[in-house]
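The values are calculated or read from the model by the stated rules, or taken from the named source; none is laboratory data. Note that this is a predicted model, so its numbers are computed, not measured. Cβ placement follows ideal geometry from the backbone for every residue including glycine, while neighbour counts extend to all protein chains displayed. What goes into the accessible areas is simple: the full protein's heavy atoms, side chains included, and nothing from ligands, DNA or RNA. Shrake-Rupley method; radii C 1.70, N 1.55, O 1.52, S 1.80 Å.
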Amino acid sequence: MSEIRSALLSVYDKTGLVELANALAAQGVRLISTGGTARHLTEAGLDVVQIEDFTGSPEMLGGRVKTLHPRVFGGILARRESESQLAELAAAGLDTIDLVVVNLYPFAETVAETDHTLIDALEQIDIGGVSLLRAAYKNFAGCAVVVDPGDYAAVAAGAASGLDLAARLGLAKKAVAHTAAYES
């Protein structure tokens with residue numbers, strides 16, 4: 001079980017996000033965020049590291065490419081029990097990301113609208129978010145993953161201790177179900 005020192009927050013549904021971010025920040029967790037999520041948190045008075053500052057690369061293609069970066073995925077996927085992987089991160093000047101909070105674009109809602117266009121639908125296919133979730137649930141022991149705003153209070157309460165393995169596994173299972181439902 002790993003201590004939560006940094007969190008990547010990138011959500012479409014911002015319900016309860018400010019409260020979670022405030023609780024994490026109060027525990028000294030570094031908040032890394034993207035686009036509209038970062039703006040939302042900054043407007044709420046939180047100190048947020050913009051994803052482009054974290055990666056050293058600007059968001060591209062109108063926001064289509066922002067988190068798809070080795071600095072992000074290396075930080076999520078590095079196995080915390082592997083001294084060689086942590087050394088590899090350190091040698092590359094990379095940090096771990098210990099918590100991923102993501103929910104996805106509303107693809108199903110968009111295609112359910114009778115007047116949507118193909119372009120509308122295509123723009124709601126979340127690439128980076130799904131990839132972040134998959135990376136985090138693959139490495140749930142080292143990087144906790146949250147998709148449901150209903151879990152924010154428990155995550156905030158457990159962040160100081162790093163969340164136990166059972167809690168992390170339960171959150172990972174929800175993330176797997178979230179991506180599976182999204183794909184269906």
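Just for the chain, what percent of DSSP beta bridges are antiparallel, to the closest 5? Please report the intermediate quantities before stating the final value.
Values: 1 of 14 bridges.
Of the beta bridges lying entirely in the chain, close to 5 percent run antiparallel.
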May I ask for the net charge around I4, where only other residues with Cβ less than 11 Å from the Cβ of I4 are counted and Lys, Arg are +1 while Asp, Glu are -1? +1
Please work out the average accessible area per residue across the chain, using the 1.4 Å probe convention, and give it in Å². 49
Note, the range 24-34: 3J(HN,Hα) by Karplus (6.51, -1.76, 1.60, θ = phi - 60°), whole Hz, Gly/Pro = x, goes 5, 4, 5, 8, x, 6, 6, 9, 10, 8, 10
Net charge contributed by nearby residues that have their C-beta within less than 15 Å of L171 (K/R +1, D/E -1): +1
From zero outward in steps of 5 Å, how is the percent of C-alpha pairs of the chain spread across the bins? 1, 8, 17, 21, 21, 16, 9, 4, 2, 1, 0
Computed label-point distance, nm, for sites E52 and L122 using a 7 Å Cα→Cβ extension: 2.4
Aspartates and glutamates within cross-link reach of K174: Cα-Cα under 15 Å, excluding same-chain residues under 8 positions apart? D148, D151, E183
Where Lys and Arg each count +1 and Asp and Glu each count -1, what net charge lies around D98 among other residues with Cβ under 11 Å from its Cβ? +2
Let me have the relative contact order for the range 74-184, percent, based on Cα pairs under 8 Å that are six or more residues apart. 29
Where does each of Y105, Y137, Y12 land when they are ordered by accessible area, with a 1.4 Å probe and the largest first? Y12, Y105, Y137
As a check on your grasp of the helix formula, calculate [θ] at 222 nm for the chain: sum -39500 (n - 2.57) over DSSP H runs of n ≥ 4, divide by the residue count, round to the nearest 500. -14000 deg cm²/dmol
Take peptides 30-42, 157-169 and line them up by average Cβ neighbours within 10 Å, highest first, as a rough protection proxy. 30-42, 157-169
Run the accessible area of the chain with a 1.4 Å probe and give the carbon-and-sulfur part as a rounded percent. 56
